[in-house]
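Written out below as structure tokens is the structure these notes cover.
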Amino acid sequence: MKDIGIIDIEASGLHFDSYPIEVAVRVRVRGECKSWIIKPEPSWEYWCTTAESMHCVSREELLRDGLPAVEVVKQLNAFLAEPDVILYSDAYRWDGDWIDTLYFAVKIDKPFYVDSIYDLIGNDKADQFDKHFSRLAESGKYRHHRAADDVEMIYQAYCQIMG
């Protein structure tokens, strides 16, 4: 089976001025997941308290504990290791925009593409995927709206319906 990657990004809000605060990627064959907390760039100012209440990461925590955006990009590129990878997301338009914001900020070319997990699984299995994902989110085993756990739930739901 061709290796697939899954990506999830948490952000400062759902606004055109929002920016990525956490990114996680899982590569299926390696079975490895990596995540990074991102220190906001100086020009990244927008903050939504509603988003904070969902992901439970404060801006102060990002400033204190986050890695600089350039370091996140370098580590993410090294983790992926091969060019032209497709990373699948359950919210690819948002995640694609936020990953573009991250790479644009550090002026490094992005060596991968973000696409929809729904395009990968097909319309006929979308409802099954959503049901599996919802069960996982409600199980108490994962922290929904944290990138690494969301990646794992996407992966587990994908495996459930694709075998």
For this session: Within the range 4-40, track down each residue that is among the small types (Gly, Ala, Ser) and within 18 Å of Pro68 (Cβ to Cβ).
Result: Ala11, Ser12, Ala24, Ser35
Exercise. What are the residues in the range 120-134 that are touching a Phe, Trp or Tyr at 6+ places or on another chain (Cβ under 8 Å) and either among the small types (Gly, Ala, Ser) or farther than 15 Å from Tyr155 by Cβ (or both), if any?
Worked result: Ala126
Problem set entry | Filter result (touching a strand residue (DSSP E or B) at 6+ places or on another chain (Cβ under 8 Å) and surrounded by 16 or more Cβ atoms within 10 Å (Cβ to Cβ)) within the range 101-114 | Thr101, Leu102, Phe112, Val114
Problem set entry | Residue check for Tyr92: hydroxyl-bearing (Ser, Thr, Tyr), buried (at least 18 other Cβ atoms within 10 Å of the Cβ) and over 13 Å from the mean Cα position of the chain (by Cα) | no
Exercise. Asn77 fails exactly one of the following numbered conditions: (1) without any contact (Cβ under 8 Å) to a residue 60 or more places away in the chain; (2) under 16 Å from the mean Cα position of the chain (by Cα); (3) closer than 13 Å to Glu10 by Cβ. What is the number of that condition?
Worked result: (3)
Seminar exercise, completed: Given the conditions (1) acidic (Asp, Glu); (2) farther than 12 Å from Ser89 by Cβ; (3) crowded, with 16+ Cβ neighbours inside 10 Å, every one holds for Asp124 apart from (3)
For this session: Taking only the range 2-34 into account, find how many residues are surrounded by 15 or more Cβ atoms within 10 Å (Cβ to Cβ) and farther than 14 Å from Asp95 by Cα.
Result: 6
Exercise. Within the set of pairs 6+ apart or on separate chains, which have a first residue in the range 145-157 that is of a type in the set (D, E, K, R), a second that is part of a helix (DSSP H, G or I) and surrounded by fewer than 20 Cβ atoms within 10 Å (Cβ to Cβ), and C-beta atoms under 8 Å apart?
Worked result: Arg146/His55
Problem set entry | Qualifying residues in the range 42-69 (those that are surrounded by fewer than 17 Cβ atoms within 10 Å (Cβ to Cβ) and in contact (Cβ under 8 Å) with a residue 60 or more places away in the chain) - the one farthest from the chain's Cα centre (by Cα) | Ser43
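Rule-based calculations on the coordinates, nothing more; no lab input. On a predicted model such as this, the values are computed, not experimentally measured, just so you know. Note: ideal-geometry Cβ built from the backbone for every residue, glycine included; neighbour counts use all protein chains shown.
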